[in-house]
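Asks: Have a look at this one.
What follows draws every value from the coordinates through simple rules; no lab data is involved. Since this is a predicted model, take the numbers as computed values, not measurements. Backbone-built Cβ (ideal geometry, glycine too); neighbour counts: all protein chains shown.
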Amino acid sequence: MDFDFPLRKIIHVDMDAFYASVEQHDNPELKGKPIAVGGGSKRGVVSAASYEARKFGVRSAMAGSIAARNCPELIFVKPRFDRYKEVSNQIRSIFFEWTDLVEPLSLDEAYLDVTENKKGNPSATLIAKEIRQKIFEKTGLTASAGISINKFIAKVASDYNKPNGQKTVNPEEVIEFLENLDIRKFYGVGKVTAEKMYRLGIFTGKDLKEKPAEFLEQHFGKSGGHYFNVVRGIHLSAVKPHRIPKSVGAERTFFENLSSEIFMLEKLENIASELERRLQKSKIAGKTVTLKIKYSDFTLQTRSKTLPYFIANKDLILETAKELLYQSTLENSVRLLGISLANLNTEKEKKTEEKESVLVQLKFDF
């Protein structure tokens with residue numbers, strides 16, 4: 001199929017069960033066993049689970065108590081984030097052997113634009129294979145990859161043959177691939193959105209494609225336009241080596257539930273101090289303060305306030321967070337508090353970057 005927009009060669013590399021795989025690699029006694037990174041304390045939450053644990057329904061962000069109930073033989077391992085970062089840096093150095101256009105999404109995944117690459121290899125499929133092999137040789141860990149004409153399709157494709165596999169969606173295969181895709185597999189469509197789409201008779205990419213833009217915008221707002229485009233293979237976001245954050249935050253989970261605002265003030269001050277440190281390190285300020293409250297029954301509530309000026313100072317952040325805390329009464333005892341700052345002074349930089357992004361139409365050989 002001919003597209004009337006520029007095409008790229010994009011690879012999305014995603015490490016397989018990264019935190020858990022690092023632990024199993026460093027401690028051979030854990031190999032082949034169901035392990036959970038984090039979640040071992042009384043109020044702990046699972047950060048990552050090995051594939052052996054996932055078979056029992058253990059997932060990241062799951063309470064450790066529930067994970068242990070699902071898998072009685074589950075082994076809890078204390079997180080070692082310094083070690084994960086060290087391995088992540090090793091992996092990232094491998095990416096740079098092929099291209100400088102690397103956009104990390106987290107420690108364990110990244111987009112690479114290899115349209116023009118340092119080794120002059122015209123095949124993105126072969127590059128992905130070489131990168132995965134090099135990662136295994138250097139770290140002993142496996143990675144999966146998706147390869148296609150844009151970030152969206154590459155991201156979806158990387159999940160297709162996990163673990164330790166890859167999938168290429170060639171330009172002429174894009175539309176058929178998207179039409180046959182279960183709507184739950186569309187990156188960015190979460191459980192709530194998927195259920196809403198089901199109610200509207202949208203189960204596959206083909207169903208989504210049959211809905212006019214007006215219909216999708218009516219039911220999904222701005223996201224409707226995004227869905228209308230991506231199902232047609234249109235996603236023009238370039239790989240950005242220096243990703244500009246949309247928000248900066250800090251949060252804490254407590255060993256004992258907090259039942260009164262009075263007990264939360266000291267916690268909020270510590271969180272505001274951590275947020276100030278992160279803002280100063282990144283030289284970022286913002287206008288919108290959001291207070292995140294997770295109750296003992298795991299329900300989540302957010303309260304936000306936008307100021308007329310940029311702030312990065314702990315006292316101003318804390319003052320606004322206190323105001324939001326007392327904005328309405330608590331619904332239950334609290335197990336987690338968080339403060340984040342959005343509407344950052346990086347937004348102008350982001351818009352300029354997108355405006356200046358230049359796309360080049362090329363003949364493709366995947």
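Asks: Report the relative contact order of the chain, percent, no decimals, based on alpha-carbon pairs under 8 angstrom and at least 6 residues apart. Kindly include the intermediate steps, with their values, before the conclusion.
Replies: On the way: 664 pairs, mean separation 58.6, N = 366.
With pairs under 8 Å counted, the relative contact order is 16 percent.
Asks: Select from D26, D159, D16 the residue whose mean-square fluctuation is largest in a Gaussian network model of the chain (Cα-Cα springs shorter than 10 Å).
Replies: Evaluated over the chain, the most mobile residue of the options is D26.
Asks: Could I ask something else about it? I'd like the antiparallel share, as a percent to the nearest 5, of DSSP beta bridges with both residues in the chain. Write out the running numbers ahead of the final one.
Replies: Working: 45 of 51 bridges.
About 90 percent, rounded to the nearest 5.
Asks: Something else now. For helix 347-356, report the angle its Cα long axis makes with the longest principal axis of the Cα atoms of the chain; keep it between 0 and 90° and round to the nearest 10°.
Replies: 0
Asks: If you don't mind, another one. Does the range 18-79 come out rounded, prolate or oblate, given a ≥ b ≥ c as the square roots of the eigenvalues of its C-alpha gyration tensor, rounded meaning a/c under 1.5 and, failing that, prolate meaning a/b above b/c? Show your work: numbers first, answer last.
Replies: Details: a/c = 1.79, a/b = 1.40, b/c = 1.28.
Since a/c reaches 1.5 and a/b is larger than b/c, the shape of the range 18-79 is classed as prolate.
Asks: Then there is this: Which shape class applies to the range 58-203: rounded if a/c is under 1.5, otherwise prolate when a/b exceeds b/c and oblate if not, where a ≥ b ≥ c are the square roots of the Cα gyration tensor eigenvalues?
Replies: Numbers: a/c = 2.32, a/b = 1.08, b/c = 2.14.
Because a/c hits 1.5 or more and a/b fails to exceed b/c, the range 58-203 counts as oblate.
Asks: Sort 299-311, 31-43 by packing, meaning the average of other beta carbons within 10 Å per residue, with the highest value first. It would help to have the intermediate numbers written out before the result.
Replies: On the way: 299-311: 12.5, 31-43: 18.8.
Ranked from most to least packed, the peptides come out as 31-43, 299-311.
Asks: Give me K134, K283 ranked fewest to most by other Cβ atoms within 10 Å of their Cβ, as a rough exposure proxy.
Replies: Numbers: K134 17, K283 9.
Fewest-to-most ranking of K134, K283: K283, K134.
Asks: Would you kindly derive the ³J(HN,Hα) couplings of the range 82-99 from the backbone phi angles with the Karplus curve 6.51 cos²θ - 1.76 cosθ + 1.60 (θ = phi - 60°), listing them in order in whole Hz, with x for Gly and Pro?
Replies: These are the phi-based 3J(HN,Hα) values: 5, 5, 5, 5, 4, 5, 4, 5, 5, 5, 5, 5, 5, 4, 5, 5, 9, 7 Hz.
Asks: Here's a follow-up. Compute the relative contact order of the range 56-197 as a whole-number percentage, counting only Cα pairs closer than 8 Å that sit 6 or more residues apart in sequence.
Replies: RCO, the range 56-197: 12 percent.
Asks: What is the Cα convex hull volume of the chain when expressed per residue in Å³?
Replies: Numbers: hull volume 59.4 nm³, N = 366.
Per-residue hull volume (Cα only) is 162 Å³.
Asks: Sticking with this one: If we count other beta carbons within 10 Å of each Cβ, what is the order of Y326, Y51, fewest first?
Replies: The order, fewest Cβ neighbours first, is Y326, Y51.
Asks: Then there's this: Quick one: compute the contact order of the range 1-108, relative version, from alpha carbon pairs under 8 angstrom and 6+ residues apart, as a percent. The partial results should precede the final answer.
Replies: Details: 139 pairs, mean separation 23.6, N = 108.
The normalised contact order for the range 1-108 reaches 22 percent.
Asks: At a 10 Å Cβ-Cβ cut-off, how would you order R278, R335, fewest neighbours first? It would help to have the intermediate numbers written out before the result.
Replies: Numbers: R278 15, R335 21.
In order of increasing Cβ crowding within 10 Å: R278, R335.
Asks: Please label the shape of the range 186-229 as rounded, prolate or oblate, based on the square roots a ≥ b ≥ c of the eigenvalues of the alpha-carbon gyration tensor (a/c under 1.5 means rounded; beyond that, a/b larger than b/c means prolate, else oblate).
Replies: Details: a/c = 1.36, a/b = 1.18, b/c = 1.15.
In terms of gyration-tensor shape, rounded.
Asks: Here's something else I'd like to know. Apply the Karplus curve 6.51 cos²θ - 1.76 cosθ + 1.60, θ = phi - 60°, to the phi angles in the range 127-136 and return the couplings in whole Hz, x for Gly and Pro.
Replies: Taking θ as phi minus 60°, the curve returns 4, 4, 5, 5, 5, 5, 5, 5, 4, 5 Hz for the range 127-136.
Asks: Taking amide H atoms as placed 1.01 Å from N in the peptide plane, list the residues 5 or more away in sequence, or in a different chain, whose amide H sits under 5 Å from that of T288.
Replies: The list, which skips near neighbours in sequence, is L307, A342, N343.
Asks: Next up: Take the residue pairs K294/K322; K155/K185; K246/K283; K129/K155; K55/K85; K151/K196 and return only those whose Cα atoms are more than 18 Å apart.
Replies: Details: K294/K322 16 Å; K155/K185 10 Å; K246/K283 14 Å; K129/K155 16 Å; K55/K85 27 Å; K151/K196 25 Å.
Checking Cα-Cα distances, K55/K85; K151/K196 exceed 18 Å.
Asks: Still on this structure, please answer the following. Per-residue ellipticity at 222 nm for the chain, helices alone: DSSP H runs ≥ 4 residues times -39500 (n - 2.57), over residue total, nearest 500 deg cm²/dmol?
Replies: On the way: 14 runs with 140 residues, N = 366.
Theoretical 222 nm ellipticity from helices: -11000 deg cm²/dmol.
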